[in-house]
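Before any comments, here is the structure.
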Amino acid sequence: MKKMMRQAQVVRPHNLDEYLMNLLKSIYKTRNLSVEEVSQWLTSAPLNSYFRVNTLKITPLEVMTSINEQISNLKRIKNNKKEQHSVRVHKHLSDCIVISPMDKSLLDLSHKNEEVIVDIATGQSALRGSHIFAPGIMAMAPEVQVDSFISVYADLAKGCKRGYQKYYDNPMKMFVGNGVAKMNRRQLFNGDINPKGIAVEMTDPVTGIPSFKLPDEYGMLQNLPSIVTGHALDVNDNNLKVLDMCAAPGNKTTHIATLMNNKGSIDAIDKSKTKLKKVELRCNNFGIQNVKIHHFDSLISVDTNNINNNDDRPPFKNESFDRVLLDAPCSNLGQRPLLNIQVDKNLIKSFPALQRKLLINVIDSITAVDLVKPGGILVYSTCTITLEENEHNVAWVLEKFPQMELIEINSEIGSSGIATQVGLNENLCKLVRRFGPENAEEDSIGFFISKFQKKAK
């Protein structure tokens, strides 16, 4: 294989198409953000990473200590007495640990002769502090040995064939950082082997976000707005009955169960049997005992014909739940970093209709009685930034269902919604939480959270 010294160049993701540029412009025009600023935000990784602690098993202080020890074990930080890495508990969320990036001056970002090529999803994860797992590797040079120090590139062009042996010369491969190989080529691509586990331990991601390993029962890396969503349900230790309508892979389900201290009950629904296995695994790892998992379609979760005599499984009776979470399917335009933005205009436009069908099922069945009990709470959230899937859907709920009242979420985190003539006014926007490029202090993925309460009869 021909070895070549590569210059440390930065490859940016593909240019945005006209539809997406106009969409971003329409969303953020009132916030004085240019399309270039928003696209830069979308294609970059969040500044910090966040770890949500499973307080059923361990304390935040113990988790912080473990993370700090692992980061300090990096030789260049250990030998730099002035370096004090920032790992702290979030000032408003007691079960959330904030991990800041390492100082870029401490990183070795020189391009190495030996390299691996990974797919886009794996590259995105590496930029957020993940190690490289075997299924995500597309190519590895034959001379790479276990413990070799190598460079990692994401194949934005999607042109690299799995198992490719030569130097992958493509202008759209993006350098994501350096690491140490933990598998060789034979282990990755030999015959019908389906490799698992960490293939490259990332030591120097270009973002500076440190990688660390903790036991599964300690908790999980989770996006900040997703953690806020769990808290927005106001479950605490009360003996409540909760419905998670689109539960897989169980991140929010387990958080709710933890906040409830394993009391009450949670019905977790998802139509994907495969994804529900992840919910079950996560519950087992966390020691969760108050979750019932159902393979069911949330679009038909209301027992409108009164045919189900079993209260423990869907479809459920009207007014069955104290709390309902609808973390709805969406266009995912808030996920970061989006290294290869391919927008299906028709698909994006289809989501508001689906989301409204799900909201109808929560709020209003054919008999005009909803799943949420009087006085109960519904939290509606998405991981996207479009107005149609967020503020406009909230406005639609308030207009169509006068029994639902929009109430405030923790205003210390995120920003208010975006007011428009066909959406929410300025006062109502103060009650919802939006996460986006305007949130410099709480840099995170794009997200939206709203909270409704059913008026008492």
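Some observations on this one:
- Criterion violated by Lys57 - all others in (1) open to solvent by less than 40 Å² (accessible area, probe 1.4 Å); (2) modelled with pLDDT of 95 or more satisfied: (1)
- Failed criterion for His90 (all others in (1) under 30 Å from Thr65 (Cβ atoms); (2) exposed (fewer than 13 other Cβ atoms within 10 Å of the Cβ); (3) in contact (Cβ under 8 Å) with a residue 12 or more places away in the chain hold): (2)
- Among the candidates Glu399, Glu389, Glu408, the residue that is surrounded by fewer than 16 Cβ atoms within 10 Å (Cβ to Cβ) and in a loop (DSSP other than H, G, I, E, B) is uniquely Glu408.
- Test: residue in segment 294-309 that is assigned by the TED database to the domain that holds Arg434, within 30 Å of Pro374 (Cα to Cα) and modelled with pLDDT of 90 or more: yes
- When Ser381, Ser411, Ser415 are checked against the criterion of being without any contact (Cβ under 8 Å) to a residue 40 or more places away in the chain, in contact with a strand residue (DSSP E or B) (Cβ under 7 Å, 6 or more places away or on another chain) and outside the structural domain of Thr43 (by the TED database), a single residue qualifies: Ser415.
- Just so you know, in segment 167-195 the residues that are open to solvent by less than 40 Å² (accessible area, probe 1.4 Å) and among the aromatic types (Phe, Trp, Tyr) include one that is modelled with the highest pLDDT, and it is Phe175.
- Qualifying positions in segment 28-43 - under 24 Å from Arg128 (Cα atoms) and open to solvent by less than 30 Å² (accessible area, probe 1.4 Å): Val35, Val38, Ser39, Trp41, Leu42, Thr43
- Within segment 245-255, being open to solvent by less than 10 Å² (accessible area, probe 1.4 Å) and closer than 13 Å to Gly219 by Cα holds for Gly250, Thr253, Thr254, His255.
- Of all residues in segment 196-244 being over 18 Å from the mean Cα position of the chain (by Cα) and among the polar types (S, T, N, Q), the one that is least open to solvent (accessible area, probe 1.4 Å): Thr203
The values are calculated or read from the model by the stated rules, or taken from the named source; none is laboratory data. Because the structure is a prediction, the values reported are computed rather than measured. Glycine also receives a Cβ, built like all others from the backbone with ideal geometry; neighbour counts cover every protein chain displayed. Keep in mind that these areas ignore ligands, DNA and RNA; they rest on the heavy atoms of the full protein, side chains included. Shrake-Rupley method; radii C 1.70, N 1.55, O 1.52, S 1.80 Å.
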